[in-house]
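Since every read-out is calculated from the coordinates, none of them should be taken as a lab result. Since we're looking at a predicted model, the values are computed, not measured. Here the Cβ positions follow ideal geometry from the backbone for every residue, glycine too, while neighbour counts run over all protein chains shown.
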Amino acid sequence: MTATLTNLDLKKLDDAHHLHPFTDFKELSAAGGSRLITKGEGSWIWDSEGNRILDAMAGLWCVNVGYGRKELADAAYRQMMELGFYNAFFKTTTPPAAELSAKLAEITPDGLSKVFFANSGSEANDTIVRMVRHYWNLKGKPTKKAFISRVHGYHGTTMASTSLGGMPVMHSQGDLPLSGFHHVMPPYTYELANGMDPEAFGRLAARAVEQKILELGAENVGAFIGEPIQGAGGVLIPPDSYWPEIQRICAEHDVLLIADEVICGFGRLGQWFGSQRYGIKPDFMTLAKGITSGYVPLSAVMVGDRVAETLIEEGGEFYHGFTYSGHPVACAVALANIAVIEREGLVDRARDDIGPYLRGRLEEELADHPIVGEIRSEGLIGAIEIVKDKRTRERFPGDGKVGLVARDHCFRNNVILRGIRDSLVFSPPLTLSHEEADEMARLARRSLDETARDLGVL
């Protein structure tokens, strides 16, 4: 069909029929509709106007091995020709689902040996909500139903996963959060520490979780969920003191610990998973995005042994699942994707090579910039804080809209960074070259110069 349609035809069809996620539909249409992306290769994408664009967001935090990987396309083709689909219901499985289950048990932290497949991070976190409540019922503690998470946490967009998250603008639509979901301060050092020693602040932020447990009563709290680094909340990197204290608190109060690794997993932090970077020993781990580098939809719930044993031995039939749980094509692509990461040493590269190099280049270009308050990163994820006054950390007026101004300048300069409140965030492919890092830093500087001029600073 698309061979007979011009790019203009496609944009008109999109404007007429496509409701985009996280979009003001009316505003998009009034602005002329969507930018049409037509091709990807390595760290670059192209639009229908022929612009070559450096994708410093790896799609949506997910294209870890870069665009245009023939290995992944070939894996999908071979599996489609062999068996395009069969379900995991009816006491059946497929070779890719079985093999991927074992591979995930191998590469995730010890104690996570069971896998439940879904299609997105949202579905995976919904699944965890079901499993947590089912688990505590089986353990004879039916009041342990509450969930605690952080302000600015992001865990998906279904009713339950939006409730898990701590995004007030999302809660404002759909009468959310649902009952039983609670939110505490995040370990947002730049915004909230107020000069406190970072390690002391990390412990303080963790103890906000303990205070909420005590307020609700430990007998009523089922689980705490957190991203090792909060991604969509603004790349909030916790002090090293934070997660050990969270681990202690959850163990002391018999609260299950969920590590949402949708963004942090599969090498982005310079470890296979953020839990390894911070020494987290979770009862559940949420996987998606980098599991296939975004090439096809797939997610997984890693279930800790103590929970899995109870669900298996005492739970009977688990009345939950999706038509596409363990889809053979998605699992085949995930296996090929993990093989690329292993073969090319992309996890170590993010930690030892391109991660530090990109951080250094951004600091060289931006540390003296009049509106840059902080540059923070871990592996290949980071943020650039934008402030009116570097000394006092005073923000520009506009309710956190400055990041969107800077983002729009980035788009016009053919580099993609994401605006979140008063910051630009980035998470480029793990294959980013040094030359591409140089270009990313140069274009970020140009875009921030233009933002500063808009704000009357330059």
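Here Ala383 meets each of (1) touching an Asp or Glu at 6+ places or on another chain (Cβ under 7 Å); (2) under 20 Å from Thr451 (Cβ atoms); (3) among the small types (Gly, Ala, Ser) with one exception, condition (1). Of the residues making up segment 38-91, those that are touching a Gly at 6+ places or on another chain (Cβ under 9 Å), within 18 Å of Arg268 (Cα to Cα), buried (at least 19 other Cβ atoms within 10 Å of the Cβ) and among the aliphatic types (A, V, I, L, M) are Ala58, Val63, Val65.
Would you mind stating whether Gly326 is surrounded by 19 or more Cβ atoms within 10 Å (Cβ to Cβ), within 24 Å of the chain's Cα centre (by Cα), in a loop (DSSP other than H, G, I, E, B) and at positive phi?
Values: surrounded by 19 or more Cβ atoms within 10 Å (Cβ to Cβ): yes; within 24 Å of the chain's Cα centre (by Cα): yes; in a loop (DSSP other than H, G, I, E, B): yes; at positive phi: yes.
When the stated conditions are applied, Gly326 passes them.
Taking the stated definitions as given, is Gly379 under 19 Å from Leu54 (Cβ atoms) and small (Gly, Ala, Ser)? Yes, satisfied.
Here's the yes/no breakdown for (1) touching a helix residue (DSSP H, G or I) at 6+ places or on another chain (Cβ under 6 Å); (2) assigned to a strand (DSSP E or B); (3) basic (Lys, Arg); (4) surrounded by 15 or more Cβ atoms within 10 Å (Cβ to Cβ):
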residue	(1), (2), (3), (4)
Arg361	yes, no, yes, yes
Gly403	no, no, no, yes
Arg407	no, no, yes, yes
Pro429	yes, no, no, yes
Gly456	no, no, no, no
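Taken over segment 256-281, the criterion of being buried (at least 24 other Cβ atoms within 10 Å of the Cβ), aliphatic (A, V, I, L, M) and within 21 Å of Val132 (Cα to Cα) is satisfied by Ile258, Ala259, Val262.
Sort through Glu439, Glu450 and tell me the only one that's among the acidic types (Asp, Glu), surrounded by 16 or more Cβ atoms within 10 Å (Cβ to Cβ) and either in a loop (DSSP other than H, G, I, E, B) or touching a Leu at 6+ places or on another chain (Cβ under 7 Å) (or both). Outline the logic, then answer.
Details: Glu450 fails: either in a loop (DSSP other than H, G, I, E, B) or touching a Leu at 6+ places or on another chain (Cβ under 7 Å) (or both).
Result of the check over Glu439, Glu450: Glu439.
In this structure, Glu219 does not satisfy being in a helix (DSSP H, G or I), crowded, with 20+ Cβ neighbours inside 10 Å and not polar (S, T, N, Q). Would a scan of segment 332-353 turn up a residue that is surrounded by 23 or more Cβ atoms within 10 Å (Cβ to Cβ), in contact (Cβ under 8 Å) with a residue 60 or more places away in the chain and under 26 Å from Pro244 (Cβ atoms)? Yes, there is a match, as at least one residue in segment 332-353 is surrounded by 23 or more Cβ atoms within 10 Å (Cβ to Cβ), in contact (Cβ under 8 Å) with a residue 60 or more places away in the chain and under 26 Å from Pro244 (Cβ atoms).
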